[in-house]
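The values are calculated or read from the model by the stated rules, or taken from the named source; none is laboratory data. These numbers come from a predicted model, not from an experiment. Cβ sites come from the backbone with ideal geometry, for glycine too, and all protein chains shown count toward neighbours.
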């Protein structure tokens, strides 16, 4: 088991490397080097351009040298010093901007993931066992609707409804008085009262498809010979279904993290932009629009890393749950 | 020496089935899976229910435990189980398929084992967990006691290291071991009746013999009634006290096993037995010429598959699928290759045609137009030139015909690539071929799904002989067919042999079919030939120990031979 | 390997199949697929819906009452009109005109329907002229006011007083074609890479599989956004359109490659393919005549299921302002207006393109499911 985890962690390294290259490619994509862009921006806003400072920037990022060297300067800074470069728009080191935001994104994604599992598991099981029942149909319809509705649209509709009917707008993750307050129970409670809205919006699409996945997995298992064999032993039906087919169907369900998590993070970026949450989304969008590429690159790199870590955890869970993986 | 088995005075019936009917509603209609079937089974007795696929035998077995799959249901009849005290009877039909009353019977009074040992045990629970669960369900014992009993049961079904085996998963066991574990689980609460639904069909013949012996032994020990479902008359002859024959949901005939084999009363039973007995002795064959002329000579053939991709794609372990095989096939001769699953017999056939490229060794082939080539080292292009004369017939007639092509397209394909025929000539040739294999000539624009298994196998044969066949590798050509069709296909192949002077390499797991069809036979085990010789010689006086085990394990369709086998 | 648990059901189904088979003996693959597909009622209905949507996309200029860019500040956020059929007891299809009042409380302009103004409308009317498919000039419109200068807003108007109906119809063309063309591009990449992967196996397969796994593990939106943001602002709309197509296809091909690879992998070992090889068939013919026909229906299913994902992706990208840009009109571009909370409280009909997205995506998914279930009519 320990070796298994070690092997998986080792397996992450090339993927992480690939993501970093991708992120750096995106940093490099906009035409012209970013120091010149920065200088142009400064000039535009009427600030006096300090040529010595520009020169030091050029030197720091290895501009003028070949792309490979530039890449290694960038990634070397991240790996050794946690230095993601500077945000030109905010005039701050990227590090100071990303961690809080990325942490919130990770927290919201994780909470949503847990909520999705908690909801979709029982409904999926019920839908499969009582196939073609009213609940099954409702779950199926909800499932398709959830899948077909872009989550930003859902966010807007929810905002519209709350404005029209409740006269209050939704948005943010904290009430104003808590935004800069230190961590306290009151702040956590305030967070919960705010966070359920993005979680609800984000979770809808994923929950719908997870219900379908669980339902299909379980339907495949329900007619397997081992279920009939267990029935022939005289097991009560409910216990039988929970002990055997559900247990087996759970394994592919666990491995859905691999695609649910990237989708969640994608969705979180859009929804948080609509709801204006203090997470990575709005900042990333802003950074991309103003071509503040080091900031954007850091977000892209970190969201890739987040997915890798999530997948690693789900792989470990899967190995714990499925002896066929653990023992082969 | 024939001897009446000890169950000749069967105990009082423990289970009586009266006028059982089961129906399945299907798209626009009803299927009567079981129609008005009655039978009974006594303590210590084995009743075999025998029939071909679709005869309703499995449904009957499931009805007894109320396990019929939705949307099927019992529409009529009673299933009466004698109460423990012997006073009254319980009607299982009246209990319904849910609730405590039926669960008290399942697993405790009537237990069941199934066909697929591979999938009848949960893959994510240990064997021990699954057995103790049954005990804990039905009896008031603590976990430690249940575990102790489970270990004893595994020991009883002769699973080595039972304590350790309890903590292992089903996928760590072989098929035979899994079926043993299934049996241990079924016996865990000392049931009065054991229902065995084709328990050995998925197993190799030597494993089958062991499992059958085990079931019989356990039955004697415990005085259980056994309801044994099978399609194999050989198995029936070996294990049954009484036999019930079913056909299309109806009971055709019921008799004790000796009378049934000696004096079958019904036409269906007679036909069924007849087609099996026909395969019991070799078909008449012309004597072999004095001086044999070889058509193919395999020398020291080896084929290794890498077992793991290994570090940097370099494998570290190999499966030696063919491990030094030498074999000669003469002109006009049929050479059989017999072996159990995993023996490498199918791989051998495919390697000769270069579906796989051999690791080492030679396959000399004497070409039709003269000259000898080494099939093992020919290039793809050179090999292609031989595909018109070295042909293959596959096991599964459903898988070997492309469902998306018409019969004409399928049969004309080798003509298209190996001859210069025009479309018109090919049409004529396909008609001739269809007639030759006993099919109507006007079916060539139909698709394979319109034909039965036997017809499809004839189409496969037509494809094999389309160009100018000399050597045909027949890979289990009759295994997927119903018993009644087998000798027909074999006879067709034999006629074609006489007509074209064909040589066959005939691969099969079924020694009876080989004995019927072949001149010589090679016995394969783990990629090697362990014995080789004249087919009658090998079947009657096997020299190698494995061959002896293999041949004695084959259940013969003659109940008088059963004691020899048990010996 | 038979499935013993459902033995009975399978037996019954087999009988059922034989009944069918007798009717379909001479039927080809497509005949059997259609037969199976037809039983899936929702999928058949969805086929009609999808057909209708593409019909709208195809004839957008003709079906739209006006040009999507025509604006009239007088009618900012004008509410939808409803069609009346009779005027004074005689048949005259019409809509009612607007009058504008000032809401005293909020000091906003409010439209009220003016019952006195009747705007007669008709089918096949003359209106603004346009070039149909760039081929010929005409001014025929499916529906519109008899007098083109009269206000006609069946789905209301937007901030600039543009007709939402016309814009949505034109948006349909862009959004649906992005889906179709994007999938076409994905198909080419997916077929080639999936085919190589599944047919040849070995190192190529492992390498391609790694790439697919990697791409699927990246959160798509940040990646798309990153790529889209790198597009120069000064690119003309058509170039942006194709750039977005390429960006979406870069990720969309993986699913098609997965399907193609899986089918090739299993086909490669199928007896009938080995049989064809042993008939001496050439590599090209083996793939094209013996393997590909088993693939078409699966590919169609994969495509149908990939289109809605493309549509959703384009919508999200355009919504965030990094996809298509005005003056191109797509559903996503139209939905940009809904970001303004005040606008949608005043004009909820701005949500209509969103409904179109949901309907199109739903219908394509149902259709795809139906095709997928019918794709292998020979499966037991």
- For residue C:293: the one exception among (1) closer than 30 Å to residue C:326 by Cα; (2) touching a residue at least 60 places away in the same chain (Cβ under 8 Å); (3) out of contact with any helix residue (DSSP H, G or I) (no Cβ under 6 Å at 6 or more places or on another chain); (4) within 13 Å of another protein chain (Cβ to nearest Cβ): (1)
- Restricting the range B:333-352 to residues that are in contact with a strand residue (DSSP E or B) (Cβ under 6 Å, 6 or more places away or on another chain) and assigned to a loop (DSSP other than H, G, I, E, B), which is nearest to the other protein chains (Cβ to nearest Cβ)? B:344
- Message: Being under 27 Å from residue B:372 (Cα atoms), surrounded by 23 or more Cβ atoms within 10 Å (Cβ to Cβ) and under 31 Å from the mean Cα position of the chain (by Cα) narrows it down to one residue among B:461, B:407, B:411, B:465; which is it?
- Response: B:461
- For residue B:361, work out the one condition from (1) more than 11 Å from every other protein chain (Cβ to nearest Cβ); (2) at pLDDT 90 or above; (3) touching a strand residue (DSSP E or B) at 6+ places or on another chain (Cβ under 8 Å); (4) outside any strand (DSSP E or B) it doesn't fulfil. (4)
- Note on the structure: Pairs returned, first residue in the range A:12-23 that is assigned by TED's automatic domain parsing to the domain that holds residue A:307 and farther than 8 Å from residue A:304 by Cβ, second residue that is outside any helix (DSSP H, G or I) and at pLDDT below 85, beta-carbon separation under 7 angstrom, 6 or more apart or interchain, are none
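For residue A:264, indicate whether it is within 10 Å of chain C (Cβ to nearest Cβ), at pLDDT 85 or above and in a helix (DSSP H, G or I).
Values: within 10 Å of chain C (Cβ to nearest Cβ): yes; at pLDDT 85 or above: yes; in a helix (DSSP H, G or I): yes.
So residue A:264 passes the test.
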- Among residues of the range C:262-281 being more than 7 Å from every other protein chain (Cβ to nearest Cβ) and at pLDDT 90 or above, the residue nearest to residue B:390 (Cα to Cα) is C:277
- Matching residues, the range B:114-129, being under 16 Å from residue A:235 (Cβ atoms) and more than 8 Å from every other protein chain (Cβ to nearest Cβ): B:129
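This table checks each residue for (1) in a helix (DSSP H, G or I); (2) more than 9 Å from chain C (Cβ to nearest Cβ); (3) crowded, with 24+ Cβ neighbours inside 10 Å; (4) without any contact (Cβ under 8 Å) to a residue 24 or more places away in the chain.
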| position | (1), (2), (3), (4) |
| --- | --- |
| A:252 | yes, yes, no, no |
| A:291 | no, no, no, no |
| A:295 | yes, yes, yes, no |
| A:301 | yes, yes, yes, no |
| A:304 | yes, no, yes, no |
| A:317 | yes, yes, no, no |
| A:324 | yes, yes, no, yes |
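Kindly state which helices (runs of 4 or more DSSP H) lie completely within the range B:398-506 and contain at least 1 residues that are within 14 Å of chain C (Cβ to nearest Cβ). Give the steps one after another, and end with the answer.
Values: elements: B:407-418, B:423-436, B:453-464, B:483-500.
Those helices (runs of 4 or more DSSP H) span B:407-418, B:423-436, B:453-464.
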- Query: Across the range A:272-288, what is the total count of residues that are surrounded by fewer than 24 Cβ atoms within 10 Å (Cβ to Cβ), in contact with a helix residue (DSSP H, G or I) (Cβ under 7 Å, 6 or more places away or on another chain), more than 7 Å from chain C (Cβ to nearest Cβ) and assigned to a helix (DSSP H, G or I)?
  - Reply: 1
- Task: Can you tell me which residue among B:61, B:146 is closer than 18 Å to residue B:40 by Cβ and buried (at least 19 other Cβ atoms within 10 Å of the Cβ)?
- Result: B:61
- Message: With assigned to a loop (DSSP other than H, G, I, E, B), touching a strand residue (DSSP E or B) at 6+ places or on another chain (Cβ under 7 Å) and not assigned by TED's automatic domain parsing to the domain that holds residue C:173 as the only criterion, which of C:148, C:80 stands out?
- Response: C:148
- Query: Could you say which residue among B:526, B:486, B:520 is more than 20 Å from the chain's Cα centre (by Cα) and touching a residue at least 40 places away in the same chain (Cβ under 8 Å)?
  - Reply: B:520
- Query: Is it true that some residue in the range A:214-231 is crowded, with 17+ Cβ neighbours inside 10 Å, out of contact with any helix residue (DSSP H, G or I) (no Cβ under 9 Å at 6 or more places or on another chain) and either assigned to a helix (DSSP H, G or I) or within 14 Å of chain B (Cβ to nearest Cβ) (or both)?
  - Reply: yes
- Message: If I filter the range B:47-58 for residues that are out of contact with any helix residue (DSSP H, G or I) (no Cβ under 9 Å at 6 or more places or on another chain) and free of Cβ contacts under 8 Å to residues at least 24 places away in the same chain, do I get at least one hit?
- Response: no
- Task: Check B:307, B:319 and return the single one that is at negative phi and at pLDDT 80 or above.
- Result: B:319
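Yes or no, residue by residue, for (1) touching a residue at least 40 places away in the same chain (Cβ under 8 Å); (2) under 30 Å from residue B:288 (Cβ atoms):
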| position | (1), (2) |
| --- | --- |
| B:319 | no, no |
| B:327 | yes, yes |
| B:332 | yes, yes |
| B:337 | yes, yes |
| B:346 | yes, yes |
| B:362 | yes, yes |
| B:382 | no, no |
| B:402 | yes, no |
| B:405 | yes, no |
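Condition check: surrounded by 12 or more Cβ atoms within 10 Å (Cβ to Cβ), in contact with a helix residue (DSSP H, G or I) (Cβ under 7 Å, 6 or more places away or on another chain) and not in a helix (DSSP H, G or I). Does residue C:68 satisfy that? Before the answer, list the steps.
Numbers: surrounded by 12 or more Cβ atoms within 10 Å (Cβ to Cβ): yes; in contact with a helix residue (DSSP H, G or I) (Cβ under 7 Å, 6 or more places away or on another chain): yes; not in a helix (DSSP H, G or I): yes.
Judged against the criteria, residue C:68 is a match.
Quick one: would you say residue C:350 is part of a helix (DSSP H, G or I), more than 15 Å from residue C:175 (Cβ to Cβ) and within 11 Å of chain A (Cβ to nearest Cβ)? Lay out the reasoning, then the answer.
Details: part of a helix (DSSP H, G or I): yes; more than 15 Å from residue C:175 (Cβ to Cβ): yes; within 11 Å of chain A (Cβ to nearest Cβ): yes.
Yes: the conditions hold for residue C:350.
Residue-by-condition table, conditions (1) under 30 Å from residue A:295 (Cα atoms); (2) within 13 Å of another protein chain (Cβ to nearest Cβ); (3) in contact (Cβ under 8 Å) with a residue 40 or more places away in the chain:
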| residue | (1), (2), (3) |
| --- | --- |
| A:88 | yes, no, yes |
| A:92 | yes, no, no |
| A:96 | yes, no, no |
| A:105 | yes, yes, yes |
| A:137 | no, yes, no |
| A:142 | no, yes, yes |
- Message: Condition (residue is more than 9 Å from every other protein chain (Cβ to nearest Cβ), surrounded by 18 or more Cβ atoms within 10 Å (Cβ to Cβ), modelled with pLDDT of 85 or more and more than 13 Å from the chain's Cα centre (by Cα)) applied to the range C:360-368: is it met by at least one residue?
- Response: no
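Yes or no, residue by residue, for (1) in contact with a strand residue (DSSP E or B) (Cβ under 9 Å, 6 or more places away or on another chain); (2) closer than 30 Å to residue C:316 by Cα; (3) part of a helix (DSSP H, G or I):
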position: C:244; (1), (2), (3): no, yes, yes
position: C:250; (1), (2), (3): no, yes, yes
position: C:265; (1), (2), (3): no, no, yes
position: C:274; (1), (2), (3): yes, no, yes
position: C:289; (1), (2), (3): no, no, yes
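I'd like to verify a number: residues in the range B:251-265 that are surrounded by fewer than 16 Cβ atoms within 10 Å (Cβ to Cβ) and either outside any helix (DSSP H, G or I) or touching a residue at least 60 places away in the same chain (Cβ under 8 Å) (or both), how many? Spell out how you get there, then give the answer.
Start the filter on the range B:251-265 by keeping residues that are surrounded by fewer than 16 Cβ atoms within 10 Å (Cβ to Cβ), which leaves B:259, B:262-263, B:265.
With the extra rule that they be either outside any helix (DSSP H, G or I) or touching a residue at least 60 places away in the same chain (Cβ under 8 Å) (or both), the set shrinks to B:263, B:265.
Qualifying residue count, the range B:251-265: 2.
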